[in-house]
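The values are calculated or read from the model by the stated rules, or taken from the named source; none is laboratory data. Since we're looking at a predicted model, the values are computed, not measured. Neighbour counts are summed over all protein chains in view; Cβ atoms, including those assigned to glycine, are modelled from backbone coordinates with ideal geometry. Note: areas computed on protein heavy atoms with side chains; ligands, DNA, RNA excluded. Shrake-Rupley method; radii C 1.70, N 1.55, O 1.52, S 1.80 Å.
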Amino acid sequence: MSNPEAQGFKKISEETQSKPAQTNPYGPNPADFLSNVSKFQLIESTLREGEQFSNAFFSTEKKIEIAKALDDFGVDYIELTSPVASEQSRADCEAICKLGLKAKILTHIRCHMDDARVAVETGVDGVDVVIGTSSFLREYSHGKDMTYITNAAVEVIEFVKSHGIEIRFSSEDSFRSDIVDLLNIYKTVDKIGVNRVGIADTVGGANPRQVYDLVRTLKSVVHCDIECHFHNDTGCAIANAYTALEAGAKLIDVSVLGIGERNGITPLGGLMARMIAADREYVLSKYKLHKLRDLENLVAEAVQVNIPFNNPITGFCAFTHKAGIHSKAILANPSTYEILNPSDFGLTRYIHFAHRLTGWNAIKTRVDQLNLHLSDTQVKEVTAKIKKLADIRQLNIDDVDSIIKDYHADVQTPVVAPVADTKVDSLDISEEPETKKQKTA
Ligand SMILES: CC(=O)SCCNC(=O)CCNC(=O)[C@H](O)C(C)(C)COP(=O)(O)OP(=O)(O)OC[C@H]1O[C@@H](n2cnc3c(N)ncnc32)[C@H](O)[C@@H]1OP(=O)(O)O
Ligand SMILES: O=C(O)CCC(=O)C(=O)O
Ligand SMILES: [Zn+2]
């Protein structure tokens, strides 16, 4: 929807936005000593996981434009496709490393020295290494056992570390891996000084409780930071990311609009919505949220998708209120029905009043906007007329405005039956009663 106001949506000013409540029921539990909800970091993977989205093709110029936009938004890390994927992937990785961005640049490789040797020559600030540890992947992907995997991990980590750059080790398909295998390998890589370990819900099957348990257990075994990567196959990617932070993970992998393999991973915008509800100050201090819409539009256009109508924050109706009960309360105090403040994202809230669920409070505001003056009783009467027509067909703002204006004209020009001794020239009868009847019918 390009112009909400043309369709019966009224823009609501910011003046009545309330101050945040003193205690935030959606914030981190102060007693939860493990929580990193108020100090999380983002590993932005639009240019790695996002390139695995079925529609994605990023030219070098587009990658650079996206990398700069992500950097401007304030992400902590930008993860790029493996330089061994193709010649162009390597060249693009080198080009992005030379941009001098504030965000640290990472590349993502298999747990193999051939990949590591190429990665460290690209100029990246760090390398994300991954290898499947579940029996599915050990049997059908790379065919290696845990001893082989552990030795390969140690060799790659020591090699990357010797180049003075960051190194992260991650187990692919962590939630279908044996917990003892997992903890053993994480313990080993932690001991040799890996910067981060990663947990990956590669098939998107984990639920928040499983995430909490695994992250919390891992936290008791390693000293390094914990990063988490959640696919969204079963719709838990944002909830899992939040839960991981609650359990002590520090970094979350995201991509713009969540693009990635299959239906993708935790979306940057959705996670921002979740995190600002928990700790507004921290999120506002780190990320330029008013750039989110442009960033999403940039990526949506690059991969030729639309922004979903129900996208957190930027979906076209994310800040549109419709039912009369909601509209009345929103007009009095937007916090009644909003957990997010649209102005934090450079956006506007709307009241949609051109329909049969509207109420007189919403219509009164429209009357005021039109600079007309009606009593409350009159507004209630005109609201009834609007609802009557809305029962018959879909309305737009012009329908509502003309009902209001006609009603207003009627009440401003009372019809007085001419009586012999009345001084008719003192009355303002600009229209014949018949004409008015036809217009408001
Ligand atoms: C869950 C994830 O998203 S992980 C990241 C996925 N990213 C990518 O795949 C990046 C893009 N990939 C590519 O360009 C290619 O797959 C390449 C260049 C990495 C490898 O290409 P190819 O050598 O032609 O192999 P192919 O893709 O067919 O198979 C994967 C190979 O990697 C091996 N492998 C798979 N995962 C890993 C791993 N984590 N660590 C080490 N080796 C691995 C497999 O055993 C297989 O080796 P094989 O050729 O001896 O059978
Ligand atoms: O490297 C990682 O941690 C995640 C890799 C990946 O994309 C996945 O497992 O889905
Ligand atoms: Zn993934």
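For Ser327, Ser220, give me the order by solvent-accessible area with a 1.4 Å probe, most accessible first, ignoring ligands, DNA and RNA.
Working: Ser327 0, Ser220 95 Å².
The most accessible residue leads, giving Ser220, Ser327.
Between region 274-331 and region 361-401, what is the C-alpha centre distance in whole Å?
Region 274-331 and region 361-401 have Cα centres spaced 29 Å from each other.
Expressed as a whole number of Å, what is the distance separating the alpha-carbon centroids of region 92-107 and region 215-235?
So the separation of the two Cα centres works out to 26 Å.
Return one number: the angle in degrees, 0 to 90 and rounded to the nearest 10, between the long axis of the Cα atoms of helix 208-219 and the longest principal axis of the Cα atoms of the chain.
With both axes taken from Cα atoms, the answer is about 40 degrees.
Express the carbon and sulfur contribution to the solvent-accessible surface of the chain as a percent, rounded to the nearest whole number, probe 1.4 angstrom.
On the way: 10490 of 21070 Å².
Ligands and nucleic acids excluded, carbon and sulfur give 50 percent.
Run the helix sum for the chain: -39,500 (n - 2.57) per DSSP H stretch of 4+ residues, divided by residue count, reported at 222 nm to the nearest 500 deg cm²/dmol.
Numbers: 16 runs with 177 residues, N = 441.
Helix contribution divided over all residues of the chain: -12000 deg cm²/dmol.
Counting only C-alpha contacts under 8 Å and six or more residues apart, can you give the relative contact order of region 187-274 as a whole percent? Mind dumping the intermediate values first?
Working: 160 pairs, mean separation 24.8, N = 88.
The normalised contact order for region 187-274 reaches 28 percent.
Using only the Cα atoms of the chain, what do you get for the radius of gyration and for Dmax, in Å?
That works out to 29.0, 111 Å for Rg and Dmax.
How big is the charge dipole of the chain about its Cα centre, in debye rounded to the nearest 20, if each Lys and Arg gets +1 on its Cβ and each Asp and Glu gets -1 on its Cβ?
On the way: 49 positive and 61 negative charges, 180 e Å.
Around 860 debye, computed over the chain.
Using only the Cα atoms, work out Rg/Rh for region 161-262, with Rh taken as the Kirkwood radius, to two decimals.
0.96
Full extension from Tyr26 to Lys380: what is 0.36 nm times the residue separation minus their Cα-Cα distance, to one decimal in nm?
Working: separation 354, 0.36 × 354 = 127.44 nm, distance 3.76 nm.
Contour length minus Cα-Cα distance gives 123.7 nm.
For the chain, what does the relative contact order come out to in percent, with C-alpha contacts under 8 Å and a separation of six or more? Mind showing how you got there, number by number?
Numbers: 773 pairs, mean separation 76.1, N = 441.
Across the chain, relative contact order equals 17 percent.
Which ³J(HN,Hα) values, rounded to whole Hz and listed in residue order, are derived for region 91-96 from phi using the Karplus coefficients 6.51, -1.76 and 1.60 in 6.51 cos²θ - 1.76 cosθ + 1.60 with θ = phi - 60°, glycine and proline given as x?
4, 5, 4, 5, 5, 5
Taking the solvent-accessible surface of protein heavy atoms with a 1.4 Å probe, what is the per residue accessible area of the chain in Å²?
Values: 21070 Å² over 441 residues.
Heavy-atom SASA per residue in the chain reads 48 Å².
Taking the Cα atoms only, what angle lies between the long axis of helix 146-162 and the longest principal axis of the chain, rounded to 10 degrees?
Helix 146-162 sits roughly 80 degrees off the main axis of the chain.
What stretch of the chain, leaving out the sites themselves, is the longest with no chymotrypsin sites (Phe, Trp or Tyr not before Pro) in a DSSP loop having at most 10 other Cβ atoms within 10 Å?
Details: sites that count: Phe33, Phe57, Phe309.
With a cap of 10 other Cβ atoms within 10 Å, the longest stretch comes to 58-308.
Which one, Val130, Val379, Val256, has the greatest fluctuation when you compute a Gaussian network model over the chain with C-alpha springs under 10 angstrom?
Greatest mean-square fluctuation among the candidates belongs to Val379.
Extending each Cα 7 Å along its Cβ direction at Lys388 and Thr147, get the distance between those two points in nm, one decimal.
Distance between the two pseudo-spin positions: 8.8 nm.
Which of Ser170, Ser135, Ser402 moves most in a GNM of the chain, Cα contacts under 10 Å?
Fluctuation is largest for Ser402.
Positive end of the dipole of region 275-397, charges at C-beta (+1 Lys, Arg; -1 Asp, Glu), about the Cα centre: which of Ser285, Leu340, Ala354 has its Cα farthest in that direction?
Of Ser285, Leu340, Ala354, it is Ala354.
At each listed q (0.10 Å⁻¹), what is the log10 of I(q)/I(0) that the Debye formula gives for region 96-255 modelled as equal alpha-carbon point scatterers?
Calculated log10 I(q)/I(0) at the listed q: -0.34.
Nearest 10 degrees, 0 to 90: what angle lies between the long axis of helix 179-191 and the longest principal axis of the chain (Cα atoms)?
For 179-191 against the chain, the angle is about 70 degrees.
Comparing Pro334, Pro30, Pro308, which has the greatest mean-square fluctuation in the GNM of the chain with Cα pairs linked when under 10 Å apart?
Pro30
May I ask you to evaluate 6.51 cos²θ - 1.76 cosθ + 1.60, the Karplus curve with θ = phi - 60°, for each residue of region 388-395 and list the ³J(HN,Hα) values in order in whole Hz, giving x for glycine and proline?
4, 5, 5, 6, 8, 8, 5, 9
With a/c under 1.5 counting as rounded, go ahead and sort region 18-110 into rounded, prolate or oblate using the C-alpha gyration tensor (a ≥ b ≥ c being the square roots of the eigenvalues; past the cut-off, prolate if a/b is larger than b/c, else oblate). List each step's numbers first, then the result.
Values: a/c = 2.68, a/b = 2.34, b/c = 1.15.
Prolate shape, in that a/c is at least 1.5 and a/b is the bigger ratio.
Could you work out the relative contact order of region 220-315? I mean the mean sequence separation of Cα pairs under 8 Å and 6+ apart, divided by the number of residues, in percent.
On the way: 112 pairs, mean separation 22.0, N = 96.
Relative contact order of region 220-315: 23 percent.
With label points built 7 Å along Cα→Cβ from the Cα atoms of Glu155 and Lys39, find their separation and express it in nm.
3.7
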